[in-house]
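Step one of this worksheet: look at the structure below.
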């Protein structure tokens, strides 16, 4: 999964011939990937873990309900703002569930997956599931591709030197300083996700627009009602700003290390098969079970990109097979620690903006 900080929604759709939320078949995957796919499938790692997800969704819902009750119980005091921290953390857990639903990790039924996505995205987060899935599927089909991946499209941030050329004024200043600005900008991402979802309603078909829009408005109304019932308008605004800022920062911390600073194909070089296209553009993050939990399993970014429909708890089990296979076929398998992953991503942002600093 990639993260497009403050990116605009796009009207383009995923390729019609293959949905990127599913791993290619043996025939379509190419000679390098086919043996790995057979091994992973033979180990049962592509089979869904419905019970695991049911427990996770239930626990997450109970914790969110408890946090809502706590906000109401603590009431009109500045101490209530402390609850914005755990609420942001579990909003991120909610986003991870919506992400997994969009990849058909939770259910093979399109209807069930859509309902889970709508509940966890639109209703609970105020973020359009249709917008996210459209953009995210195009990212998975062509990760880090300068022309096809919406997550590296030049916008507030720029991820390639060619895209940095000629930027002036405010955009030029942002590009020159984007390494320093990245995490501060992530504080705005919680709000950006909501705005992008509403803007994307124009792209959607009338029936989809009605469902998505109704749930987005319901979320905003419920969120405002909760805060204004519990506290004064001033405290409510402060709580909302803190909560959304921390939520955006958490997502930025989870998604920033995954692709930034990795290979960025532009369509002019050698045509890569599925294995190289996904492995060479992705980076894994080493860590403990706490790392897996905090990053929503996205620290296994290589495995996730190779097998998008693989259930989250199976990613760590597939990692040794993927690493060994990459070693066998001579493909670099990039894995680093959490801090170093941020360092590499920020170094890349700084290098992209370097030409503008020396002009």
Which one of 255, 247 is in contact (Cβ under 8 Å) with a residue 12 or more places away in the chain, part of a helix (DSSP H, G or I), within 19 Å of the chain's Cα centre (by Cα) and over 24 Å from residue 81 (Cα atoms)? 255
Enumeration of residues in the range 315-339 that are within 19 Å of residue 34 (Cβ to Cβ) and touching a residue at least 60 places away in the same chain (Cβ under 8 Å): 318, 321, 322, 325, 329, 331
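May I ask you to list the residues in the range 42-51 that are touching a helix residue (DSSP H, G or I) at 6+ places or on another chain (Cβ under 9 Å) and either loosely packed, with under 15 Cβ neighbours inside 10 Å or over 24 Å from residue 97 (Cα atoms) (or both)?
Looking only at the range 42-51, we keep the residues that are touching a helix residue (DSSP H, G or I) at 6+ places or on another chain (Cβ under 9 Å), and these are 43-47, 49.
Scanning the range 42-51 gives 43, 44, 47.
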Working only within the range 169-185, note down all residues that are within 14 Å of residue 256 (Cα to Cα), in contact (Cβ under 8 Å) with a residue 60 or more places away in the chain and surrounded by fewer than 18 Cβ atoms within 10 Å (Cβ to Cβ). 183
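Does residue 215 satisfy being over 30 Å from residue 280 (Cβ atoms), touching a helix residue (DSSP H, G or I) at 6+ places or on another chain (Cβ under 6 Å), at pLDDT 95 or above and surrounded by fewer than 19 Cβ atoms within 10 Å (Cβ to Cβ)?
Details: over 30 Å from residue 280 (Cβ atoms): yes; touching a helix residue (DSSP H, G or I) at 6+ places or on another chain (Cβ under 6 Å): yes; at pLDDT 95 or above: yes; surrounded by fewer than 19 Cβ atoms within 10 Å (Cβ to Cβ): no.
Considered against the rule, which asks whether it is over 30 Å from residue 280 (Cβ atoms), touching a helix residue (DSSP H, G or I) at 6+ places or on another chain (Cβ under 6 Å), at pLDDT 95 or above and surrounded by fewer than 19 Cβ atoms within 10 Å (Cβ to Cβ), residue 215 comes out as no.
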So residue 166 fits all but one of (1) out of contact with any helix residue (DSSP H, G or I) (no Cβ under 7 Å at 6 or more places or on another chain); (2) part of a helix (DSSP H, G or I); (3) without any contact (Cβ under 8 Å) to a residue 40 or more places away in the chain; what number is the exception? (2)
Collect the residues in the range 228-244 that are over 27 Å from the mean Cα position of the chain (by Cα) and either part of a helix (DSSP H, G or I) or buried (at least 17 other Cβ atoms within 10 Å of the Cβ) (or both), keeping them in residue-number order. 228, 229, 230, 231, 233, 234, 235, 236
For the range 36-64, pairs from a residue that is within 14 Å of residue 105 (Cβ to Cβ) to a residue that is surrounded by fewer than 14 Cβ atoms within 10 Å (Cβ to Cβ), with Cβ under 8 Å and 6 or more apart or across chains, are 48/108
Could you list, in sequence order, all residues of the range 325-350 that are surrounded by 13 or more Cβ atoms within 10 Å (Cβ to Cβ) and more than 20 Å from the chain's Cα centre (by Cα)? 325, 326, 329, 331, 333, 347, 350
Looking only at the range 186-208, count how many residues are touching a residue at least 60 places away in the same chain (Cβ under 8 Å) and either buried (at least 19 other Cβ atoms within 10 Å of the Cβ) or within 16 Å of residue 133 (Cα to Cα) (or both). 15
Is at least one residue of the range 302-322 closer than 30 Å to residue 180 by Cβ, at pLDDT 95 or above and in contact with a strand residue (DSSP E or B) (Cβ under 9 Å, 6 or more places away or on another chain)? yes
What are the residues in the range 104-118 that are farther than 19 Å from residue 307 by Cα and in contact (Cβ under 8 Å) with a residue 40 or more places away in the chain, if any? 116, 118
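Every residue, every condition in (1) loosely packed, with under 13 Cβ neighbours inside 10 Å; (2) part of a helix (DSSP H, G or I); (3) at pLDDT below 95; (4) touching a helix residue (DSSP H, G or I) at 6+ places or on another chain (Cβ under 8 Å), yes or no:
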residue: 24; (1), (2), (3), (4): no, no, yes, yes
residue: 32; (1), (2), (3), (4): no, no, yes, yes
residue: 55; (1), (2), (3), (4): yes, yes, no, no
residue: 61; (1), (2), (3), (4): no, yes, no, no
residue: 65; (1), (2), (3), (4): yes, yes, no, no
residue: 88; (1), (2), (3), (4): no, yes, no, yes
Residues being modelled with pLDDT under 90 and under 20 Å from residue 328 (Cβ atoms): count how many of those fall in the range 271-301. 1
When you go through 155, 162, 149 one by one, which is the residue that is within 24 Å of residue 352 (Cα to Cα) and crowded, with 22+ Cβ neighbours inside 10 Å? 149
Filtering helices (runs of 4 or more DSSP H) wholly in the range 262-311 for at least 1 residues that are surrounded by fewer than 23 Cβ atoms within 10 Å (Cβ to Cβ) gives 274-279, 289-294
The residue from 116, 106 that alone is part of a helix (DSSP H, G or I) and in contact with a helix residue (DSSP H, G or I) (Cβ under 7 Å, 6 or more places away or on another chain) is 116
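The values are calculated or read from the model by the stated rules, or taken from the named source; none is laboratory data. All values reported here derive from a predicted model rather than from experimental measurement. Positions of Cβ are backbone-derived with ideal geometry, glycine not excepted, and every protein chain shown enters the neighbour counts.
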